[in-house]
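One structure, pasted below without further comment.
The values are calculated or read from the model by the stated rules, or taken from the named source; none is laboratory data. Predicted model only: the values in this text are computed from it and were never measured. Cβ placement follows ideal geometry from the backbone for every residue including glycine, while neighbour counts extend to all protein chains displayed.
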Amino acid sequence: MKPVDFDYERPATLDAALKLLGREDLNAKPLAGSQSLGPMLNLRLVQPELLVDITAIPELASIREEKGFLVLGACVTHAALEDGGTPDPTRGVLARVAAGIAYRAVRNRGTVGGSLAHADPAADWVSVLAALGADVVVARTGGRRTVPAKDFIRGTFETALGPGELVVEIRIPALSANARWGYAKICRKAGEFSHATGVVLIDPARKFARAVIGAVSGPPIVVDDAKIAERDPGEAWVSALFAGTPLGDDAYQIRIHHVALKRAIAEARAP
Ligand SMILES: Cc1cc2nc3c(=O)[nH]c(=O)nc-3n(C[C@H](O)[C@H](O)[C@H](O)COP(=O)(O)OP(=O)(O)OC[C@H]3O[C@@H](n4cnc5c(N)ncnc54)[C@H](O)[C@@H]3O)c2cc1C
């Protein structure tokens, strides 16, 4: 199958892109790395009248440090973070996570903003940015707003984005010198989408201690718990968190997510 006919624009400024995306007389969709949108177009799961390619907008590709934050433009690629030629106040989290996404050809084009906007529950940034306490900045013509990454994903392929809105940047708090983290992604082959994700961040200087369980067929489960480093969570602890989620009381799912969380805690505890 091939995509429906669509028009294509590649604006050079954010204002021009937002203007096109804000048009109410046609169905316009942003295009970033095309790693998820391309297949969806070919399967006709999406049938836009206009694709707005946002990869020529310089501010969306920028990486900068700003008052205790690392600010990633939405179009920063997984490969740029994997290569680590940029400031990294997360002390290795970003490069480690990026390197485990798919394979290099996908990482060369796939973007952090595109991954969040696509909102596949099994995607890596969806869980990791929530664990880091990052914020997602979204813009539309005439305004910007900030949404905590933990609240940005509303469900499977559902986000907090409204009509005509674009993810423009992701603001990641710098970790303190004594912060510790752990990350575990369980999948059958390296680079595959996750079957279970555990992420733990403990940053005592900022009084921040968070565990995230991801790849749960919905928004990641976020637990703020000052004692997470000392915890030895049993399956019952994970099972209680699953209540009311799409995975419910599925014993296999509880078990693999329990293993992912335990691995992340163990890594965060390690000296
Ligand atoms: C073989 C393969 C394996 C993969 N494995 C993994 C994996 O292990 N882990 C993982 O996390 N991901 C994986 N991915 C997905 C990959 O990370 C994609 O890069 C990502 O899902 C989408 O990013 P993109 O830039 O390609 O977005 P696109 O495909 O261009 O867009 C995806 C969606 O987001 C919208 N969009 C894009 N940018 C924005 C924006 N700035 N604001 C608002 N909406 C926007 C588009 O309209 C579209 O709906 C894999 C992909 C492939 C093809």
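Could you list all residues from the stretch 119-143 that are touching a strand residue (DSSP E or B) at 6+ places or on another chain (Cβ under 6 Å) and either away from the ligand (no atom under 11 Å from the Cβ) or among the hydroxyl-bearing types (Ser, Thr, Tyr) (or both)? I'd like the intermediate steps shown before the answer.
First pass over the stretch 119-143, keeping only residues touching a strand residue (DSSP E or B) at 6+ places or on another chain (Cβ under 6 Å): 119, 126-128, 130-139.
SER127, ALA130, ALA131, LEU132, GLY133, ALA134, ASP135, listed by residue number.
Mind checking which strands (runs of 3 or more DSSP E) fall wholly inside the stretch 40-118 and carry at least 1 residues that are in contact (Cβ under 8 Å) with a residue 24 or more places away in the chain and within 13 Å of the ligand (Cβ to nearest atom)? Let's see the steps before the verdict.
Numbers: elements: 50-53, 63-66, 69-73.
Once the strands (runs of 3 or more DSSP E) in the stretch 40-118 are filtered for at least 1 residues that are in contact (Cβ under 8 Å) with a residue 24 or more places away in the chain and within 13 Å of the ligand (Cβ to nearest atom), what remains is 50-53, 69-73.
Something else now. Is the stretch 174-191 home to any residue that is within 27 Å of ALA61 (Cβ to Cβ) and modelled with pLDDT under 95? Can you show your working first?
Looking only at the stretch 174-191, we keep the residues that are within 27 Å of ALA61 (Cβ to Cβ), and these are 174-175, 181, 183, 185, 191.
After this cut, where a residue has to be modelled with pLDDT under 95 as well, the list is 191.
Checked the stretch 174-191: at least one residue is within 27 Å of ALA61 (Cβ to Cβ) and modelled with pLDDT under 95.
Within the stretch 186-200, can you find the residues that are exposed (fewer than 15 other Cβ atoms within 10 Å of the Cβ), more than 9 Å from the ligand (Cβ to nearest atom) and not aliphatic (A, V, I, L, M)?
ARG188, LYS189
Continuing with this model, one more query. Condition first: outside any loop (DSSP other than H, G, I, E, B) and loosely packed, with under 14 Cβ neighbours inside 10 Å. Now tell me which residues in the stretch 10-39 satisfy that.
ASP15, GLY38, PRO39 - these are the residues of the stretch 10-39 that are outside any loop (DSSP other than H, G, I, E, B) and loosely packed, with under 14 Cβ neighbours inside 10 Å.
Applying the selection to the stretch 124-145, what residues are under 24 Å from ALA179 (Cβ atoms), in contact with a Leu (Cβ under 8 Å, 6 or more places away or on another chain) and in a loop (DSSP other than H, G, I, E, B)?
LEU132, GLY133
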